[in-house]
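Enquirer: Got a structure for you, written out below as structure tokens; questions coming shortly.
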Amino acid sequence: MRTNVYVDGFNLYYRAVKDTPYRWLDIAKLCRKLLPGHTLHRIKYFTARVRGYRSDPGKPTRQQVYLRALETIKGLSIVYGHFRSNKKEMPLVLQEDRKCLKASHALVYKTEEKGSDVNLAVELVCDAFRNDFEAAAIISNDSDLLRATKIVARELRKTIIVLNPSQPQNPDDRSWSQLAKYASKVIDIKPEHLAKSLFPKTLKDKNGEFHKPSTW
């Protein structure tokens, strides 16, 4: 079955690989393990370029190395959104034994990633209209994609597969269940899948040899 894969990069990162040894993840290798019998036609990876902070100035460099690794995958393209950062007054709540002791406000920088979920939804529906795939595998559990998956499954009669990035140790996290309404199958991405789907530590592209970040 000709299959396109749509990856919500930040959803995958925060739900499955953050603070794990699996951040050097080969998306194509993962999908081949999870989708035997499918022919990977395209992989579209949706993300935004992160910014460095005093606490972690090397974050953009590590991300760029990983994006470079992804670009070695045949048929993979990266679609960029953006970050927006604003000063915002937010409530500060101190609690003890679940009883509110004191509430005040603090001025904070609130950073939000914008565009990735919209870009994913648009590309998914557009590709379905163009008959670019028979099945679409979505790596995300973002319920904002519900309308797009409904259109593709119900109106365009395409197969939807949800590759759920929530870790099994979070049994109460059912946010993916909205997408499951229109999916023919939901497959949990488990640590053992991730462990067997990593890039080699050293890769080569048209610009030469490069390596997995040493301090990730």
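Only the coordinates and a few stated rules stand behind these numbers; no lab work does. Model, not experiment: these values are computed from the prediction.
Enquirer: List the residues, sorted by chain then number, that are 5 or more residues from Ile73 or on another chain and whose placed amide H is less than 5 Å from its amide H.
Expert: Result for Ile73 returns nothing.
Enquirer: Return the sequence-ordered ³J(HN,Hα) values of segment 72-81 in whole Hz as given by the Karplus equation 6.51 cos²θ - 1.76 cosθ + 1.60 applied to θ = phi - 60°, using x for Gly and Pro.
Expert: Once θ is set to phi - 60°, the couplings for segment 72-81 become 7, 7, 5, x, 9, 10, 10, 10, 9, x Hz.
Enquirer: Relative to the present Cα-Cα distance, how much length would full extension add between Arg130 and His211 at 0.36 nm per residue of separation? Provide the component values of the computation, followed by the final result.
Expert: On the way: separation 81, 0.36 × 81 = 29.16 nm, distance 3.75 nm.
Result for the pair: 25.4 nm of gain on full extension.
Enquirer: Could you go through segment 202-216 in sequence order and give the Karplus-derived ³J(HN,Hα) for each residue, using 6.51 cos²θ - 1.76 cosθ + 1.60 with θ = phi - 60°, rounded to whole Hz, and x for Gly and Pro?
Expert: Result, ordered by residue: 10, 10, 9, 10, 5, 8, x, 8, 8, 10, 4, x, 7, 10, 8 Hz.
Enquirer: For Asp188, what residues show an amide H to amide H distance below 5 Å, using hydrogens built from the backbone and excluding near sequence neighbours?
Expert: Distant-sequence amide H within range of Asp188: Asn164.
Enquirer: Quick one: what are the phi-derived ³J(HN,Hα) couplings along segment 187-195, Karplus 6.51/-1.76/1.60 with θ = phi - 60°, whole Hz, x for glycine and proline?
Expert: Karplus-based 3J(HN,Hα) across segment 187-195 equals 10, 6, 7, 9, x, 5, 5, 5, 4 Hz.
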